[in-house]
Each structure stands twice: as structure tokens, then as C-alpha cells.
Amino acid sequence: MKTFSLSQLALRLRGLTVFRSLTEDPVLRALSACLEGMASLPEEDAVSAYAAFVSELYRAGTCDLTAYVRERVCDDENPYVRCIAAGKTPPDALETCVEQELLTLQAVSAITREQLLALRGWTTDPDFLPAWETDGSAAEVLPALYRERMEQIGWHGYGMYARFVMFRLGETGEIQPVQSPDPVKLEDLVGYAREKKIILDNLRALLAGKPAANVLLTGDAGTGKSSTVKAAVNALAGEGLRILELRKEQLHFLPKVMGELRGNPLKFVLFIDDLSFSGDDDNFGALKAMLEGSVSAKCRNVVIYATGNRRHLVRERFSDREGDDVHRNDTMQEILSLSERFGILVTFSRPDKATYLEIVRRLAEAEGLSFEEEALFEEAERFALHRACRSARAARQFVDSLRAKSEE
């Protein structure tokens, strides 16, 4: 591993160009200030700079400086990674700059407590100053690890897309990560094997760069449509799949969203839950343009998955069939055929009694509840009859009520 003095490292950190955003990282900014001031500041200020650095590292949820720097480097969004993601060959000057900066960051990730104390020249160890962890052997492989990450960018992504799987759209159309995503797994969802396969096969086609269809999931409430989509994305996240959820009233942001996602090396599911329109809804046209693949909307790395409780996504009243539209029949056909613009229609029907009870049994086992099967099933049936439906949601609610009683 190439060696630098700590004063050289302080200067090289200030000179980061491709990885410029890392100079604003709280941990690295505090470390840079510590490197610059440790030898020259008054003792109390030097102690404060040292403590500020370690405090920021701890605050980031780790004591491992090597792992922290490695993660920030590999996830950094910068001109080099965007060039690679676009399938372009970086200019020689850019390649050289990245090579030099990786050596700097490699050395930074290996800085030890003893080195900082030696920089100050303390004759006795100030044992009240905290320590952190570094791994010299792991630091040495940082450049090679970064090159490998660039080769697999279609699986890992970069920036926030490397750190998160689920996203939502903010009020002004900005893409935001979901800090506490739904951890649901496909194996947690009982039944609907055929429906799961259709959803997964289409997503695997998207990941493989093959034509993939937009999908409409319809059926009774509480049958697991939304959970199945999220579970499928969780299952394929390691292969480069992400999900972005947006509400119906945010559909006018679609052109903006497509512009941001179009150059991303990852694949995305745009997820719209509980989708329905009124006949004069302005958002209708935005979704229609996307489904029909207009020049501004078409995006090869994005598919739409929408759920609805009805196959016809536009609520129609009998009064809607009246009116003064000269070509009323053509208008109604356009409105009612929106669902047909989805390439795949998947229907989730309510589970039969046997499937409903199997869902209850599996959920009760997963919660660690002790039960006699016959008594459990009788109570579950009464719960369903009271709710006037058997569904995965009803099963979940029933088991939650049992758990609450057991904790009283």
C-alpha cells in the first residue's frame, strides 16, 4: 500500500476532485480538520478536533473507519461513475485522477489512533481519547474493489440507489429513499403461486434487458397484491432491481421521473397502489402516455406495476353515459380501455377456506403463538365471518389480535 505522511494526506483530501462530494461527508470532513490541526492547534483544540472526528464516526453507526470509507467510496455519485453507467469510456485524465484519489482514500481508511497521537507528539498516552477500528489489509484492496464495483454497476448502482431498495416521490417530484422499507418476503406470502410466477418472470425479463410488460394487478382487497410486488422486488434487489412508489396525483411528474431514471444502470418498478380515476382526471393522460410508450415516456429500464380493486380503472357512473360529447362512444371506449394498455393483467381472487386457514396457521407459527389447530381454525373462521371476507389481510389482523391478547 502506498504510504503518505499525515500532512500529505490532509493536503490530498483537500484536493479530491472526482470524489469531491466526500469532502462534505461529516466523518471525512472532521478527519480532515483533525489531520490539519492536530500538530498546530493548542492542546485543548487538538483534543476537540480529535474527539469531533471520532464522534462523527460513532454517530454514523460504526467504529470501523476502513469499512466506512470503503462504503462511501463505492456508493459515491460522481462524473466517473456516471460515465461508466452510460456505457462510455472515461477520458485518460479522468482515469488517472480516479486512480490517484483511490490511493488517497485507501490511505485515509487505514489511519490509526497511534498515528494521530504521534502527529501531536504526546509523550504519554491520553487514554481518555477514544479509539476506532481499521483494517490495513482491507484498505489495500480498495482500488480493486472499486474497479469491480464499476464492472458490476448494473447490479449495485451508485449513490442512494446503491444504499436503498425502495423509494418514494416527494411532494415536488424529487425521488427520496424509504428509510424503513417493508421487509416482506415471497415465502411469507401463502398461495398465489401462479400469480407470483407471472410477476417474477416479467421482472427477470426486465433485469435481463429483454422486453418487459407493464403489469396491472386487480382483485379483491386484502389479497396481497401490493405485498407481492414489494416481496418480488426484495427478492431481486441483489440483481439490480429497485422500486419507486408514487401516488396517483403524482403521475404528472412521470416525464421528470423518467428523465432521471433513464440513464441509471439499475432497473426500476414504478409502483402505483390502489389506482383509479374519475372520468375528468388530469392524471389520466400522463399514465396513458407512459403505457403507450410515447417518445418522452418510454424508458427501457422501467416498468409500471399498478394495483386496483377493479379491472376498469376509471370509475364510471350511469350519468357519465349521458352528455353532449359528439363522439361519446369513442370517449367512453378510451376511458374504459385504459387497463388494456397494460401488457399483463394478474387477478388476485379471495382465498378459499383452506387457503385462508393455512395463511392463519403460518402467520401464527411465525409469531410464535402456541395453539391447538382446531380451536385456532374455528376462531379464525368466526373472525372472517364477522368481517364478511376471507383474505390475507383478515388473516393478518386475526393473528395480530391473538398476539395482543397473549401479551396482556
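The values are calculated or read from the model by the stated rules, or taken from the named source; none is laboratory data. Everything numeric here is computed off the predicted structure, so don't read it as measured data. Glycine also receives a Cβ, built like all others from the backbone with ideal geometry; neighbour counts cover every protein chain displayed. SASA here: full protein model, heavy atoms, side chains in, ligands and nucleic acids out. Shrake-Rupley method; radii C 1.70, N 1.55, O 1.52, S 1.80 Å.
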For the stretch 37-89, how many residues meet the condition of being within 22 Å of HIS156 (Cα to Cα), among the polar types (S, T, N, Q) and out of contact with any helix residue (DSSP H, G or I) (no Cβ under 6 Å at 6 or more places or on another chain)?
2
If we keep only residues of the stretch 373-388 that are buried (at least 16 other Cβ atoms within 10 Å of the Cβ) and among the aliphatic types (A, V, I, L, M), then the residue modelled with the lowest pLDDT is ALA384
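Working only within the stretch 206-226, note down all residues that are open to solvent by 40 Å² or more (accessible area, probe 1.4 Å) and either of a type in the set (Ser, Thr, Tyr) or under 13 Å from SER391 (Cβ atoms) (or both).
Residues satisfying the conditions are ASP220, ALA221.
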Tell me yes or no: at least one residue of the stretch 145-165 is under 30 Å from ARG361 (Cβ atoms), touching a Phe, Trp or Tyr at 6+ places or on another chain (Cβ under 7 Å), surrounded by 13 or more Cβ atoms within 10 Å (Cβ to Cβ) and touching a residue at least 12 places away in the same chain (Cβ under 8 Å).
no
Helices (runs of 4 or more DSSP H) (entirely within the stretch 1-99) containing at least 2 residues that are more than 25 Å from GLU260 (Cβ to Cβ) and free of Cβ contacts under 8 Å to residues at least 40 places away in the same chain:
6-14, 26-37, 43-59
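Here is a list: SER406, SER391, SER370, SER339. Which entry is open to solvent by 100 Å² or more (accessible area, probe 1.4 Å) and modelled with pLDDT under 85? It would help to see each step written out before you state the result.
Details: SER406 fails: open to solvent by 100 Å² or more (accessible area, probe 1.4 Å); SER391 fails: open to solvent by 100 Å² or more (accessible area, probe 1.4 Å); SER339 fails: open to solvent by 100 Å² or more (accessible area, probe 1.4 Å).
Result of the check over SER406, SER391, SER370, SER339: SER370.
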Members of the stretch 105-125 found to be among the small types (Gly, Ala, Ser), in a loop (DSSP other than H, G, I, E, B) and surrounded by 13 or more Cβ atoms within 10 Å (Cβ to Cβ), listed by number:
SER109, ALA110
Filtering the stretch 234-264 down to residues that are open to solvent by 40 Å² or more (accessible area, probe 1.4 Å), out of contact with any Cys (no Cβ under 6 Å at 6 or more places or on another chain) and closer than 30 Å to LYS88 by Cβ yields GLY238, GLU239, PRO255, LYS256, GLY259, GLU260, GLY263
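A quick yes/no check of all residues on (1) in contact (Cβ under 8 Å) with a residue 24 or more places away in the chain; (2) assigned to a loop (DSSP other than H, G, I, E, B); (3) out of contact with any strand residue (DSSP E or B) (no Cβ under 8 Å at 6 or more places or on another chain):
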residue	(1), (2), (3)
VAL346	yes, no, no
TYR356	yes, no, yes
ILE359	yes, no, yes
ARG362	yes, no, yes
GLU365	no, no, yes
LEU369	yes, yes, yes
PHE377	no, no, yes
ALA384	yes, no, yes
ARG396	yes, no, yes
